1. Among the residues in the stretch 100-108, are any closer than 24 Å to G25 by Cα, in contact with a strand residue (DSSP E or B) (Cβ under 8 Å, 6 or more places away or on another chain) and of a type in the set (G, A, S)?
2. How many residues, within the stretch 31-88, are under 18 Å from V11 (Cα atoms), touching a strand residue (DSSP E or B) at 6+ places or on another chain (Cβ under 7 Å) and surrounded by fewer than 14 Cβ atoms within 10 Å (Cβ to Cβ)?
3. Do we find a residue being at positive phi and either at pLDDT 95 or above or charged (D, E, K, R) (or both) anywhere in the stretch 12-32?
4. Looking only at residues that are assigned to a loop (DSSP other than H, G, I, E, B), aliphatic (A, V, I, L, M) and in contact (Cβ under 8 Å) with a residue 12 or more places away in the chain in the stretch 1-24, which one is surrounded by the fewest Cβ atoms within 10 Å (Cβ to Cβ)?
5. So which of I73, I51, I100, I91 is over 24 Å from L6 (Cα atoms) and in a strand (DSSP E or B)?
6. Being open to solvent by 90 Å² or more (accessible area, probe 1.4 Å) and under 16 Å from F118 (Cβ atoms) narrows it down to one of I27, I91, so name that one.
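The values are calculated or read from the model by the stated rules, or taken from the named source; none is laboratory data. Every value quoted in this text rests on a predicted model; they were computed, and no experiment measured them. Here Cβ is always computed from backbone atoms with ideal geometry, including for glycine, and neighbour counts include all displayed protein chains. When the accessible area is computed, the model is the full protein with side chains, heavy atoms only, and any ligands, DNA or RNA have been set aside. Shrake-Rupley method; radii C 1.70, N 1.55, O 1.52, S 1.80 Å.
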Amino acid sequence: MEPTILNGKAVAINKLAYGIVKPFGSILLYSWNTPKTGEIVIYMHENRLVIKRCAATAFCPLEFSSDNGYTLIVNNEKYPLSEEQFASMSIYTEVPENTILAIGDNYADSIDSRSYGFIPVYNILGKALCN
């Protein structure tokens with residue numbers, strides 16, 4: 001998430017922003033809110049806490065371009081894609097229901113939704129309190 005959050009720095013997290021997390025779990029037990037575009041969210045991926053920015057929410061349209069390399073265009077923002085990422089993501093025309101597109105601020109080097117897919121909202125454990 002550099003330059004927004006430097007590697008190794010502490011981050012305050014609101015674990016009640018979206019609901020109640022299942023004790024010792026990686027999903028929400030009860031949900032009362034969903035992430036909004038631009039918020040920095042925390043979720044589990046491959047048994048590790050991950051912090052990324054919500055680039056798009058459910059039903060947000062997705063555009064893809066293969067001119068001059070592979071690109072994902074969402075909310076007037078362009079994100080580079082590898083050929084493999086383009087092949088797996090370009091089947092979608094919008095962010096699926098009950099998921100978000102999470103992308104790191106240093107998106108040229110970030111491993112995020114472009115690599116491992118959309119994040120189910122019930123897997124989002126909290127929201128960073130600083131931007």
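1. Yes, the conditions are met somewhere in the stretch 100-108.
2. So the count comes out to 2.
3. Scanning the stretch 12-32, I find no residue that is at positive phi and either at pLDDT 95 or above or charged (D, E, K, R) (or both), so the answer is no.
4. A12
5. After ruling out the rest, the residue left standing is I73.
6. I91
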